[in-house]
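First the structure, in the form of structure tokens, and then the observations on it.
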Amino acid sequence: MIVVTTQEELRSYVRKWHKEGLSVGLVPTMGYLHEGHASLVDRAVASCDRVVASVFVNPTQFGPGEDLQAYPRDFEHDCELLEAHGCDLVFHPEVSEMYPVGGTATFVELLNDMPKQLCGVTRPIHFRGVCTVVSKLFNLVNPDKAFFGQKDAQQLSIIRRMVSDLSYGVEIVGCPIVRDEDGLAKSSRNTYLSAEERQEALVLSRAVRLGEKMYKDGERSAFKVVEAMKAEISKSSLACIDYVSAVNLDTLEAIETLEGPVLVAMAVYIGKTRLIDNFIVGA
Ligand code: PAF
């Protein structure tokens with residue numbers, strides 16, 4: 001597996017592959033990789049000739065007071081996982097390689113309400129940072145396909161919209177949430193949880209299962225499903241709900257009836273750790 005740290009090296013490998021007629025898949029990550037990321041690489045390897053993964057903790061998507069400095073990092077382990085899953089090239093730039101000293105003057109930002117909903121309420125600059133770095137990666141790699149996890153469902157919907165608005169010639173592939181055996185969605189941030197908090201964090205997946213069951217049993221009131229999920233989460237004394245919301249999957253607009261493609265998403269603090277989870281129906 002090739003490891004590169006500069007934009008120039010990355011471009012030159014990818015250009016060569018494109019010239020040879022090979023398709024290229026991109027898996028953007030912030031590192032501290034787990035089986036969720038591995039599943040993205042597996043999907044990419046299965047459908048592209050060459051797979052590029054990026055490992056970059058992107059500062060522009062962290063707000064003041066968020067966990068940028070504390071964000072877990074283990075590049076050696078990341079490389080082992082990526083290589084074991086058949087990744088061809090890892091791009092691991094320094095911040096100074098991606099952004100000029102003094103910061104970027106250019107951002108890519110959706111100007112509709114999509115980045116303001118759900119996580120955007122408490123993380124107002126987050127999706128601007130995500131769209132900017134993902135745009136840069138698309139410009140560098142020019143991938144045929146790019147792979148993102150459904151756990152970050154709002155991110156996925158926003159990236160799909162950005163790709164459509166800016167006419168990027170990349171197919172966005174959304175991949176299912178990967179969970180631990182007991183249901184907890186895999187996340188790099190799970191590492192912040194104490195043993196007790198990890199146990200309590202299972203309220204998120206229990207709420208997901210409850211919501212899914214209510215939908216399966218015919219309930220179509222978004223209010224009833226969301227309230228039942230909130231009640232389930234509130235059973236944990238360590239859980240503090242940021243939001244539980246039902247929205248249209250494509251537009252992220254709040255909905256009253258669970259009809260069409262619907263995302264039911266939540267963010268919940270377990271102690272100091274903010275975790276997200278969701279399920280999608282009707283897509
Ligand atoms: O989902 C993530 O890990 C990040 O938001 C991404 C897409 C790699 C951009 O930094």
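Of the residues screened, E171 is not one that is free of Cβ contacts under 8 Å to residues at least 24 places away in the same chain, more than 15 Å from the ligand (Cβ to nearest atom) and either among the acidic types (D, E) or crowded, with 20+ Cβ neighbours inside 10 Å (or both).
Looking across the range 140-167, the residues that are under 18 Å from S54 (Cβ atoms), more than 14 Å from the ligand (Cβ to nearest atom) and either in contact with a Pro (Cβ under 6 Å, 6 or more places away or on another chain) or not basic (K, R) (or both) come down to N142, D144.
When residues in the range 14-29 are screened for being part of a strand (DSSP E or B) and exposed (fewer than 11 other Cβ atoms within 10 Å of the Cβ), 0 of them pass.
Of the residues V133, V121, which single one is of a type in the set (V, I, T) and near the ligand (Cβ under 9 Å from one of its atoms)?
Numbers: V121 fails: near the ligand (Cβ under 9 Å from one of its atoms).
Going through V133, V121 in turn, just one is of a type in the set (V, I, T) and near the ligand (Cβ under 9 Å from one of its atoms): V133.
A search for C-beta distances below 6 Å between a residue of the range 10-35 that is closer than 14 Å to F147 by Cα and touching a residue at least 24 places away in the same chain (Cβ under 8 Å) and any residue that is assigned to a helix (DSSP H, G or I) and among the aromatic types (F, W, Y), counting only pairs 6+ apart in sequence or on different chains, returns V24/W17.
Checking the stated criteria, L33 turns out not to satisfy the condition of being farther than 24 Å from V178 by Cβ, crowded, with 18+ Cβ neighbours inside 10 Å and either within 14 Å of the ligand (Cβ to nearest atom) or at pLDDT 95 or above (or both).
The values are calculated or read from the model by the stated rules, or taken from the named source; none is laboratory data. All figures in this text were calculated on a predicted structure; none of them were measured in a lab. Using ideal geometry, Cβ is built from the backbone for each residue, glycine included, and neighbour counts are taken over all protein chains shown.
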